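Asker: Could you have a look at this structure, given as structure tokens, before my questions?
The values are calculated or read from the model by the stated rules, or taken from the named source; none is laboratory data. All values reported here derive from a predicted model rather than from experimental measurement. Backbone-built Cβ (ideal geometry, glycine too); neighbour counts: all protein chains shown.
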Amino acid sequence: MLSGPDEEDATGGDGGSGADLRRPADRDRRAGRRHATVLLIGRVMHADRGSICLVHDISTVGLKARFTTLPALGETLEIKVRGMPLLRATVRWVDGFHAGVDFDEPHVIDPVFATRDAAGMIARSPRFVVSAPVRLNVEGYWYAARLVDISTGGAKLEVAASLCGHFSQGQAAQLVVDPGGLAIFAAICWRRGNRFGLRFVAPLSLVTLSRVLESNPDCQVPIPPPRGLATTTGD
């Protein structure tokens with residue numbers, strides 16, 4: 001299990017690729033990583049609700065994270081982070097919103113550092129399925145859209161079929177999430193039918209992502225756990 005709580009508290013996102021990592025020691029590279037300090041966004045499933053966390057440390061047997069929902073000692077969780085399978089774990093210590101968990105079984109953590117998963121897909125941060133009305137500014141014009149899913153690095157949107165011709169790959173965009181008017185700058189990276197993907201100019205922090213998920217009642221439904229390999233925002 002990882003060491004107990006300390007005074008470190010990070011508020012950043014996961015750098016788009018999903019992690020902000022310190023260089024491991026040479027012996028760790030030779031033997032395979034057993035422990036690493038990271039800044040990694042995770043998707044959390046409690047027994048009755050979904051939330052997110054920021055992983056500070058991860059090892060083959062557990063992790064330490066800051067949660068947006070207060071964890072309980074002995075609680076069982078399911079956690080999804082980039083590159084890893086669904087992690088089933090038990091909370092072993094709690095210090096406010098910080099907690100340490102033990103995995104139900106050991107896991108190799110090298111995939112956390114890989115740019116692609118075992119299937120050759122680009123490793124991405126977990127997506128959060130939502131349904132929320134948003135506004136989008138493209139080339140000075142405002143459009144109504146619906147947020148379909150979001151991650152720290154991007155989002156998927158849906159618009160009326162009559163508006164599809166106004167959007168194309170490479171256009172700069174400003175996404176505004178209501179209520180509160182949170183503005184996120186992005187670029188359109190793909191379009192299929194009346195859906196298109198945004199890539200954010202800067203990755204969202206844990207606080208900002210949590211604010212997006214909590215800003216609309218439709219976002220507060222339990223977040224379904226992933227099944228099989230994680231998919232990218234562009235799927």
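Asker: Checking the conditions here, which among Gly15, Gly83 is modelled with pLDDT under 50 and touching a Pro at 6+ places or on another chain (Cβ under 8 Å)?
Answerer: Criteria check complete, one pass: Gly15.
Asker: Another one. Restricting the search to the stretch 143-188, which residues are over 25 Å from Ile52 (Cα atoms) and touching a Leu at 6+ places or on another chain (Cβ under 7 Å)?
Answerer: Within the stretch 143-188, the subset over 25 Å from Ile52 (Cα atoms) is 143-144, 159-173, 188.
Once the filter is applied, which keeps residues that are over 25 Å from Ile52 (Cα atoms) and touching a Leu at 6+ places or on another chain (Cβ under 7 Å), the stretch 143-188 yields Tyr143, Ala173, Ile188.
Asker: Kindly evaluate Gly165 against the criterion of being outside any strand (DSSP E or B) and either closer than 30 Å to Ile79 by Cβ or modelled with pLDDT of 90 or more (or both).
Answerer: On the way: outside any strand (DSSP E or B): yes; either closer than 30 Å to Ile79 by Cβ or modelled with pLDDT of 90 or more (or both): no.
No; evaluated as a whole, the condition is false for this residue.
Asker: Give me the residue from the stretch 61-83 that is surrounded by fewer than 17 Cβ atoms within 10 Å (Cβ to Cβ) and part of a loop (DSSP other than H, G, I, E, B) and, out of that set, nearest to the chain's Cα centre (by Cα).
Answerer: Residue satisfying both the conditions and the ranking: Thr69.
Asker: Please determine whether any residue of the stretch 167-178 is of a type outside the set (Lys, Arg) and under 16 Å from the mean Cα position of the chain (by Cα).
Answerer: Looking only at the stretch 167-178, we keep the residues that are of a type outside the set (Lys, Arg), and these are 167-178.
Going one step further and asking which of them are under 16 Å from the mean Cα position of the chain (by Cα), we end up with none.
No, that holds for no residue.
Asker: Criterion first (β-branched (Val, Ile, Thr), surrounded by fewer than 17 Cβ atoms within 10 Å (Cβ to Cβ), modelled with pLDDT of 80 or more and not assigned by TED's automatic domain parsing to the domain that holds Leu209) does Val44 satisfy it?
Answerer: no
Asker: Are any residues in the stretch 83-117 in contact (Cβ under 8 Å) with a residue 60 or more places away in the chain and farther than 23 Å from Asp48 by Cα, and if so, which ones?
Answerer: Gly83, Val108, Ile109, Asp110, Val112, Phe113, Thr115, Asp117
Asker: Another question, then. Could you list, in sequence order, the residues of the stretch 89-129 that are of a type in the set (Val, Ile, Thr) and modelled with pLDDT of 85 or more?
Answerer: Keep residues of the stretch 89-129 that are of a type in the set (Val, Ile, Thr), which gives 90-91, 94, 101, 108-109, 112, 115, 122, 129.
Residues satisfying the conditions are Thr90, Val91, Val94, Val101, Val108, Ile109.
Asker: Can you name every residue in the stretch 160-210 that is surrounded by 15 or more Cβ atoms within 10 Å (Cβ to Cβ) and of a type in the set (Ser, Thr, Tyr)?
Answerer: Ser205, Thr208, Ser210, listed by residue number.
Asker: Take the residues in the stretch 38-60 that are in a strand (DSSP E or B) and of a type in the set (D, E, K, R); name whichever of them is farthest from the chain's Cα centre (by Cα). Don't jump to the end; show me each part of the working.
Answerer: Filtering the stretch 38-60 for residues in a strand (DSSP E or B) gives 38-45, 50-59.
Filter once more, keeping what is of a type in the set (D, E, K, R): 43, 57.
Working: Arg43: 6, Asp57: 16 Å.
Result: Asp57.
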